[in-house]
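**Q** Would you mind keeping the following structure in view while I ask a few things?
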Amino acid sequence: MKVDQQRVAKKIREIRTDLGYSMAQFGELISNSPKTTVNNWERGINLPKEDKLKKIALLGKTTVEELLYGTPEEVLTNLLKDHFQLQVNPAFLQQMLVFLKQQKVDVYDEMTIMEFLQGIMDSGMLVERNDPYLMYSKVEGTDSLYTAAAANDPLDPSPRYYAYVDVKNNRVHLLPYTFAKRQKYLYHNFPDLRNQIEIDYFTRAFPMLGVDLTKSRIIYYGFERAQEKLNIVEYSYNSQSKRFEVKNEDTTNFIYKAFKSEASRMQIYFLKLK
């Protein structure tokens, strides 16, 4: 299993600062390592040797495996993302971990875990695997603009949304596609992102976009139904409830101007239809 030295470096720095030690003080605890050595660990230049990793893990109340590779949740999430291009819902992830523990399978044994995941894929056990979900296709000539169509939906395979993906800030902006069959419905019906199936519909392909679900925000551009008044809603993922929450704060700083402008044009068009 590959070690991400920058992630390890960040974790070592967190352990040291959480304990309130300077680099020199921390080095003294770890086999009298000099300050320059601790600095190199925290910059990701090199890794501590095994005996020192054990002491650092002990101080951080963790294990060497978690220090090097991440938590079991992170390991499974990354394997699903990197090898299967999938993102499963958190509840199912926990079920997988419980099963692995019952079978006494080491989650850090990469080949065994890969065989386990492949078995799940082949058996069709993945929850909601065959339900429709949005697949994002990059618009040619752009870096961050996509169209989003529903995979596994033979009745309407055409695009439903434009998506602007702000990877740096884990934000996905969604605007109903100009030529969508149910365009007015999409503008008027804001998603209920407290429902796991609906969350999965919008987010299953997030790993392909480079978006981290646990830090993600979705900005949805639509209309208040009665007066066709422009309404832009921001949803923020809550890692504790494993649901999205509507943010009531001002979204002005997060708005993608091109989407707001297109929504405003559609607002005028719908008002003329009345």
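**Q** Using alpha-carbon pairs under 8 Å, 6+ residues apart, how would you state the relative contact order of segment 103-252 in percent?
**A** Averaging sequence separation for qualifying contacts and normalising by length gives 16 percent for segment 103-252.
**Q** Here's a follow-up. Count the net charge of all other residues whose Cβ sits under 10 Å from the Cβ of D156, scoring Lys and Arg as +1 and Asp and Glu as -1.
**A** +2
**Q** Here's another thing I want to ask about it. So which of K10/K81; K2/K61; K35/K61; K52/K168; K2/K247; K55/K242 end up more than 31 Å apart, counting from Cα to Cα?
**A** Violating the 31 Å limit, Cα to Cα: K52/K168; K2/K247; K55/K242.
**Q** Using only Cα atoms, locate the centre of segment 1-79 and the centre of segment 209-274, then give the distance between them in Å, rounded to an integer.
**A** Comparing the Cα centres of segment 1-79 and segment 209-274, I get a distance of 40 Å.
**Q** Report, to the nearest 10°, how far helix 257-273 tilts away from the longest principal axis of the Cα atoms in the chain, using its own Cα long axis and a range of 0 to 90°.
**A** 30
**Q** Ranked from the most accessible area to the least, with a 1.4 Å probe and all protein chains present, what is the order of H83, H173?
**A** Result of the area sort, largest leading: H83, H173.
**Q** Shifting gears a bit: Nearest 20 debye, what's the magnitude of the dipole of segment 184-274 about its Cα centre given +1 on Lys and Arg Cβ and -1 on Asp and Glu Cβ?
**A** It comes to approximately 260 debye.
**Q** Now for a different question. Working out 0.36 nm times the residue gap between D109 and N253, then minus their Cα-Cα distance, what length gain in nm do you get to one decimal?
**A** Between D109 and N253, full extension yields 47.4 nm more.
**Q** Each label point is 7 Å from the Cα along the Cα-to-Cβ direction; what then is the distance between the points at A151 and E14, in nm?
**A** Computed distance between label sites A151 and E14 equals 3.0 nm.
**Q** Counting only helical runs of four or more DSSP H residues, what would the 222 nm mean residue ellipticity of the chain come to if each run contributes -39,500 (n - 2.57) and the total is spread over all its residues?
**A** That comes out to -13000 deg cm²/dmol.
**Q** Please give the FRET efficiency for F179 paired with Q227, using the beta carbon to beta carbon distance and R0 = 25 Å, rounded to the nearest 0.05.
**A** 0.55
**Q** Return a whole-number percent for the relative contact order of segment 211-274, with Cα pairs under 8 Å and 6 or more residues apart as the contact set.
**A** 28
**Q** Also: Pairing the Cα long axis of helix 90-102 with the longest principal axis of the chain, what angle in degrees results, from 0 to 90 and rounded to the nearest 10?
**A** Long axis of 90-102 versus the principal axis of the chain: about 30 degrees.
**Q** How much length would be gained if the chain were fully extended between N195 and M208, taking 0.36 nm per residue of separation minus their Cα-Cα distance, in nm to one decimal?
**A** Here the answer is 2.5 nm.
**Q** For the Cα atoms of the chain, what angle does the longest principal axis make with the long axis of helix 72-84, in degrees from 0 to 90, nearest 10?
**A** The helix 72-84 is inclined about 60 degrees to the chain.
The values are calculated or read from the model by the stated rules, or taken from the named source; none is laboratory data. Here the structure is a predicted model, which is why all the values come from computation and not from measurement. Methodologically, a virtual Cβ is constructed for each residue, glycine included, from the backbone with ideal geometry; neighbour enumeration extends over all protein chains shown. For the accessible areas, the whole protein counts, side chains as well, though only heavy atoms, and no ligand, DNA or RNA atoms are used. Shrake-Rupley method; radii C 1.70, N 1.55, O 1.52, S 1.80 Å.
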